Amino acid sequence: MTGDLALGPAVGHAATPAELASVHADLEALDDLVGRDPAQAAACARDIAARAALLGDHVSVALARVGEAEAVQRDGDPAGAADIVTRLLGETDATGRGAEATVRASWVLSRVFTDLGDRPTALEHALDAVAAFSDDVPQRLRTRVLLTVADLLDELGGVEDARTWYSRAEELAVGDAVLHLRVVNNRAYGELDRGDAVSARRELDLLLRLGEQYAMPLNANTLDTVARVQLLCGELDAAEASARAAVATSAAMDAKNADDEPVYLLTLAIVLRSKGDPAAAAEVLTEARSRCTGAGFRTVRAQLLAEQAEVHAALGDHRAAFETHKEFYAADRELLSEQREAQARARQAMFETDVARAEAARYREEARRDALTGLRNRLFVDEKLPALVEDFHHGGPSVSAVLFDLDHFKSVNDTFSHEAGDEVLRLTAGILEACVAECPTGNAFAARLGGEEFVVVVTGGGDGTAAELAERVRRTVAGFDWSGPTPGRGITVSAGVALLERGGDKTSLLSAADARLYAAKAGGRNQVRAG
């Protein structure tokens, strides 16, 4: 059954590697099926959970149950989804269900409370999901959670905070066509919702460029955003074409929520009325309202009422327009009151809770790590090294810096590809970390400054300790088996070592190390120069 998620019989004996692999593969496929066909995904998730339970794979049971909850939520039953997640959280702890299921559970609860119109609570659950991030949580899931936080902040009026979170989500999404387009789409919709035609058009142009770059047709959700932006810019014919395309392709969306189709129909109705065809708009609204059954439609129902009143007025039926407007006013007043409370609670959730503070610390740490190698980055060096210098001038330990540069690195990229070059950088970073861990002073760190340049900072031991570490790195790199990324070619490094002098600062220390690095390269490379 691997990958197809057809319901199959449960296993009744001790787990074999093949059976566990089948469950894990079906869990991966479930993630896509949840968006395409939530009802089928819920049934498949229950089957996977049953099989995993008989195999004793409790983490997979938790993942399957959260997958079922997301499917139920997407199918328009937020209360049912909340019940599934609540029972899961009550029966397991974070260790028993694993980091990924813990993050997904909070994320699903965030989606549930968004459906129920309680965005402050939704934001709290989304931040709980962020706080549970770890290396075991897939990057796609982390991206989706960050996007959820950005969307909620935008809806609650935290525009600048939202833009920051959209940027964080986009950084993780680059290279993933579906998620990258989704992040830009949601950001564009926020600008659109504020009536900023210039910013919305800028995001629309980026959407179109990304669609071409990834060779990926725009899905219904993105087409709906395109139609709204075109409408805002007065491009009515183009807006109608985009709105009809959104409705036509909604069934094939890679991820679909229960209220998607009414929203797309609402956009089409607004465009038709704007073009002077209220009769056609009325027909579309009737269809849209027929799709709003069950829970989870409070916001779109209010929006449909507002447009219905406009259409009645355009048709000359002023009594119907008045009655519909009263319905809308009551619904809108309730939503407005909720939003005012939401903004206050959102600020509390962001800045006063332990979750927000823990997340802020996590983001600070991530911002000071190099994404490619996992080493510290230039920002960390710029913050840490001046403090070490200051400590030295007040009687603290000596401070040494070693600058490393990979010899002839450009030719590695040119000859073997940039992917091979990236692997060389990652392996070099691993060598640096291993050598730093053996530093006798126990006080050293390695960082990537950019490109093929690295630095190691050592406190204590004088420049002799730093020079020994540099030589160990040089020998290790030269003797390493590079046949994987660069078959038939070895890799070497050159290094310059400098010791902080009395009265010196970060700049003078790094300049001295750089001068000695230059001397090492000028002297034939694959060597260490110290003072």
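No lab work stands behind these numbers, since they all come straight from the coordinates. This structure is a prediction, so every number in the text was calculated from the model and none was measured. Virtual Cβ from ideal backbone geometry, glycine too; neighbours counted across all protein chains shown.
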Subtract the Cα-Cα distance of residue 216 and residue 508 from 0.36 nm times their separation in residues, and report this length gain in nm to one decimal. 100.1 nm
Let me see the pair-distance distribution of region 407-531: every alpha carbon pair, 10 Å bin width, integer percents in order. 13, 44, 32, 9, 1
Pairs of lysines 8 or more apart, or on different chains, with alpha carbons under 29 Å: count those in the chain, would you? 7
In what sequence do 439, 292 fall when counting other Cβ within 10 Å, fewest first? 292, 439
Over region 38-107, with a single point scatterer placed on each C-alpha, what log10 of the ratio I(q)/I(0) does the Debye formula yield at q = 0.13, 0.19, 0.21 1/Å? -0.30, -0.65, -0.80
Taking neighbour counts of Cβ atoms within 10 Å as a proxy for exposure, in what order, fewest first, do 165, 482 appear? 482, 165
Percent antiparallel among DSSP beta bridges (both partners in region 370-529, rounded to 5): 85 percent
Rounded Å value of the spacing that divides the Cα centres of region 146-161 and region 452-531: 45 Å
Using θ = phi - 60° and the Karplus form 6.51 cos²θ - 1.76 cosθ + 1.60, what ³J(HN,Hα) does each residue of region 176-189 get, whole Hz, x for Gly and Pro? 9, 4, 4, 6, 4, 4, 5, 4, 5, 4, 5, 5, 4, 5
Suppose R0 equals 35 Å; then what is the FRET efficiency for residue 287 and residue 163 from their Cβ-Cβ distance, rounded to the nearest 0.05? 0.50
Which of 483, 242, 167 has the fewest Cβ neighbours within 10 Å, and the rest in rising order: 483, 167, 242
Mean separation of Cα pairs under 8 Å and 6+ residues apart, divided by the residue count of the chain: what relative contact order is that in percent? 9 percent
What does a probe at residue 46 reach in region 52-83, counting residues whose amide N is under 12 Å from the point 7 Å along Cα→Cβ? 68-69, 72
How much mean residue ellipticity at 222 nm does the chain get from its helices, if each DSSP H run of length 4 or more adds -39500 (n - 2.57) and you divide by all residues, to the nearest 500 deg cm²/dmol? -23000 deg cm²/dmol
Per residue of region 121-126, in order, report the coupling 6.51 cos²θ - 1.76 cosθ + 1.60 (Karplus, θ = phi - 60°) as ³J(HN,Hα) in whole Hz, putting x for Gly and Pro. 5, 4, 5, 4, 5, 5
